[in-house]
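The next block holds one structure in the form of structure tokens; read it before the comments.
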Amino acid sequence: MVSDIIAQFNELAESLLKAEKETPALSYRSPEELHNLIDLKINSEGFDENNLVQLLKTIAENTTKTSGHRFFNQLFGGRIDIAVVADMLASLLNISMYTYKVAGVHVLLEQEIVNKMCSFIGFEKGEGIFTPGGSLSNMIAMIMARNEADQSIKQTGIPVNKFIAYTSCQSHYSVTKNAGIVGIGRQNVRQITVDYSGKMRLDELEETIQNDIAAGLKPFFINATTGTTVLGAFDDVEKIADIAEKYGIWLHVDGAWGGSMILNEKYQHLFKGAERADSFTWDAHKMMGVPLIASTILTREKGMLKKHFSEPADYLFQADDDFLNPGTRSIQCGRRNDVLKVWAAWKCLGDEGYATRIDKLRSKALYLADKIYQDSELQLLCQPESLNVCFDVPEKSSQQICDYLDRNGIIKVGYGVFKGKSFIRAICVNPEMTESDLDFFVEQVKAAATILD
């Protein structure tokens, strides 16, 4: 029976891949339509496996095609086949990444990938661990920064004095959200304004820190972003590091989106100063093209993760030293094997292959930006610093254009807001997209704008 199910899965995968090429965008269906189309209810009696495979096929056919050539919506897309195979293998193996006794060679794979990432950043004696996403990586960094600011917190809890965090107003929402989760308080996150290109203003950052110190508050955490979610802007990490060192504040670099650009030497100047940070978030499931989720939190100082997250558990850590038991460094107990797909992709492509991939992605973004810039009917918001291409159709609603393209199954793309202006935000993260695909995208945006007159 298992072999029959696998054979049906293979047929399903082939049909989905074929459909993805023939119809690369998903036709919109309302929640009500999907409830009527698909039997979602869990009943007291079981459901026949063969019929369930057909039901799974229907579900898959009504799922957004994130690897299709009409998907510009999120900070991920495309597909590396060997990484998909490795991810499916990880599910088949079904090990948990807390001890060498259980995970074996996969612990060594994680060490290899973490060390590789640290070497690119410049963390000569660093360490790291895979987490369930960039938001959680950012939260782990905030917890370490909080505990380092007051060594008693881990045992006795957060004192009355207020801890203050700093980030740009264009940073990922997880920074403020995490402050609410870990007891800092959302109102104690200072959202520093940005310049015309979306970079955090350094004069305002330092002035705000000085004012907080004068008020008797305790600055403890600065978040610098390398690749903001909306514009794809890179904060000046080197100068922010100067400020962090001057006031003794933990510096975290959120490279969840743009971190992978460090794989290409041409863009490493964007990360100058990152080697001086205390921690760094890097999501491989974005520009590196592996399946979701594959995020890491990396630290400059080895032993920092164990210091803040290790907890005795004789029933679990029964063999080997802590170096081989990543559970002593993790915020989790059970942890999925996310490293295998990253290792497989990196092993297949090598450093040179990933450098080439980043070049391809940048060329797509620059081609699209230039096409928009040259079009008198469109307005480019700014030259892309990474893979975000932001523009609008003057005097037309960007939100309405995006909604129209989505509801009609033409293109999946979102909109953003910067300094009060709304615009279309296209993400060029799929290297398989062609110039014809990008031309089609522009044509459809203009057509939608005309229809919405």
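Please state which one of Leu349, Leu381 is within 25 Å of Leu292 (Cα to Cα), modelled with pLDDT of 95 or more and either surrounded by 14 or more Cβ atoms within 10 Å (Cβ to Cβ) or of a type outside the set (Lys, Arg) (or both). Reasoning before the result, please.
Details: Leu381 fails: within 25 Å of Leu292 (Cα to Cα).
Only one candidate passes the filter, namely Leu349.
Whether any residue in the stretch 217-227 is buried (at least 21 other Cβ atoms within 10 Å of the Cβ), touching an Asp or Glu at 6+ places or on another chain (Cβ under 9 Å) and part of a loop (DSSP other than H, G, I, E, B) is what I want to check. Please lay out each step first, then the result.
Step one: of the stretch 217-227, the residues buried (at least 21 other Cβ atoms within 10 Å of the Cβ) are 219-227.
Next, from what is left, pick out any that are touching an Asp or Glu at 6+ places or on another chain (Cβ under 9 Å): 219-220, 223-227.
Checking the rest, the ones that are also part of a loop (DSSP other than H, G, I, E, B) come to 227.
There is at least one residue in the stretch 217-227 that is buried (at least 21 other Cβ atoms within 10 Å of the Cβ), touching an Asp or Glu at 6+ places or on another chain (Cβ under 9 Å) and part of a loop (DSSP other than H, G, I, E, B).
When you go through (1) part of a helix (DSSP H, G or I); (2) polar (S, T, N, Q); (3) surrounded by fewer than 23 Cβ atoms within 10 Å (Cβ to Cβ) one by one for Gln191, which number turns out not to apply?
Answer for Gln191: the failing condition is (1).
Residue by residue through the stretch 244-266, note down the ones that are in a helix (DSSP H, G or I), small (Gly, Ala, Ser) and under 19 Å from Ser119 (Cβ atoms).
Of all residues in the stretch 244-266, those in a helix (DSSP H, G or I) come to 244-247, 259-263, 265-266.
In the following step, the residues that additionally are small (Gly, Ala, Ser) were identified as 244, 259-260.
Gly259, Ser260 - these are the residues of the stretch 244-266 that are in a helix (DSSP H, G or I), small (Gly, Ala, Ser) and under 19 Å from Ser119 (Cβ atoms).
Do you know which residues across the stretch 283-338 are in a loop (DSSP other than H, G, I, E, B), touching a residue at least 24 places away in the same chain (Cβ under 8 Å) and over 25 Å from Asp254 (Cβ atoms)?
Narrowing the stretch 283-338 to residues in a loop (DSSP other than H, G, I, E, B): 284-294, 300-303, 310-321, 325, 330-338.
Going one step further and asking which of them are touching a residue at least 24 places away in the same chain (Cβ under 8 Å), we end up with 284-294, 300-303, 316-320, 325, 330-338.
Within the stretch 283-338, Leu316, Phe317, Gln318, Ala319, Asp320, Asn325, Cys333, Gly334 qualify.
I need every pair where a residue in the stretch 99-123 that is at pLDDT 95 or above has its Cβ under 7 Å from the Cβ of a residue that is among the charged types (D, E, K, R) and crowded, with 21+ Cβ neighbours inside 10 Å, sequence separation at least 6 or different chains.
Val114/Glu127; Phe123/Arg300
Among the residues of the stretch 150-165, what is the count of those that are assigned to a loop (DSSP other than H, G, I, E, B), of a type in the set (Val, Ile, Thr) and exposed (fewer than 11 other Cβ atoms within 10 Å of the Cβ)? Explain how you work it out, then say what you get.
First, pick out the residues of the stretch 150-165 that are assigned to a loop (DSSP other than H, G, I, E, B): 150-152, 157-162.
Filter once more, keeping what is of a type in the set (Val, Ile, Thr): 158, 160.
Subsequent filtering for residues that are exposed (fewer than 11 other Cβ atoms within 10 Å of the Cβ) retains 160.
Final tally of qualifying residues: 1.
Filtering the stretch 24-54 down to residues that are of a type in the set (Ser, Thr, Tyr) and in contact (Cβ under 8 Å) with a residue 40 or more places away in the chain, which residue is surrounded by the most Cβ atoms within 10 Å (Cβ to Cβ)? Can you show your working first?
So in the stretch 24-54, the residues of a type in the set (Ser, Thr, Tyr) come out as 27-28, 30, 44.
Pick out the ones that are also in contact (Cβ under 8 Å) with a residue 40 or more places away in the chain and you get 27-28.
Values: Ser27: 12, Tyr28: 15.
Ranking the qualifying residues of the stretch 24-54, first place goes to Tyr28.
Any chance you could count how many residues in the stretch 41-96 are in a loop (DSSP other than H, G, I, E, B) and over 25 Å from the mean Cα position of the chain (by Cα)?
If we filter the stretch 41-96 for residues that are in a loop (DSSP other than H, G, I, E, B), which is where we start, we get 41-48, 62-70, 72-80, 94-96.
Subsequent filtering for residues that are over 25 Å from the mean Cα position of the chain (by Cα) retains 41-48.
The qualifying residues number 8.
Anything in the stretch 389-436 that is of a type in the set (A, V, I, L, M) and exposed (fewer than 14 other Cβ atoms within 10 Å of the Cβ)? List them, or say none. Give the derivation first.
In the first step, residues of the stretch 389-436 are kept if they are of a type in the set (A, V, I, L, M); the result is 389, 393, 401, 405, 410-411, 413, 417, 424, 426-427, 429, 433.
If the condition is that a residue be of a type in the set (A, V, I, L, M) and exposed (fewer than 14 other Cβ atoms within 10 Å of the Cβ), then Val417 is the only one that fits.
Name the single residue that is nearest to Phe72 (Cα to Cα) among those in the stretch 325-374 being touching a helix residue (DSSP H, G or I) at 6+ places or on another chain (Cβ under 8 Å) and among the acidic types (Asp, Glu).
Among those that are touching a helix residue (DSSP H, G or I) at 6+ places or on another chain (Cβ under 8 Å) and among the acidic types (Asp, Glu), it is Asp359.
Quick check on my filter: what residues within the stretch 396-413 are part of a helix (DSSP H, G or I) and either touching a residue at least 40 places away in the same chain (Cβ under 8 Å) or out of contact with any strand residue (DSSP E or B) (no Cβ under 6 Å at 6 or more places or on another chain) (or both)? Steps first, please.
Keep residues of the stretch 396-413 that are part of a helix (DSSP H, G or I), which gives 398-407.
Listed by number, the residues that qualify are Gln400, Ile401, Asp403, Tyr404, Leu405, Asp406, Arg407.
Residues are listed down the side, and each one gets a yes or a no for (1) within 14 Å of Glu275 (Cα to Cα); (2) out of contact with any His (no Cβ under 8 Å at 6 or more places or on another chain); (3) surrounded by fewer than 17 Cβ atoms within 10 Å (Cβ to Cβ):
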| residue | (1), (2), (3) |
| --- | --- |
| Gly104 | no, yes, yes |
| Leu109 | no, yes, no |
| Ile121 | yes, yes, no |
| Glu124 | yes, yes, yes |
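The values are calculated or read from the model by the stated rules, or taken from the named source; none is laboratory data. The model shown is predicted, which means the values in this text are computed figures rather than measured ones. Cβ sites come from the backbone with ideal geometry, for glycine too, and all protein chains shown count toward neighbours.
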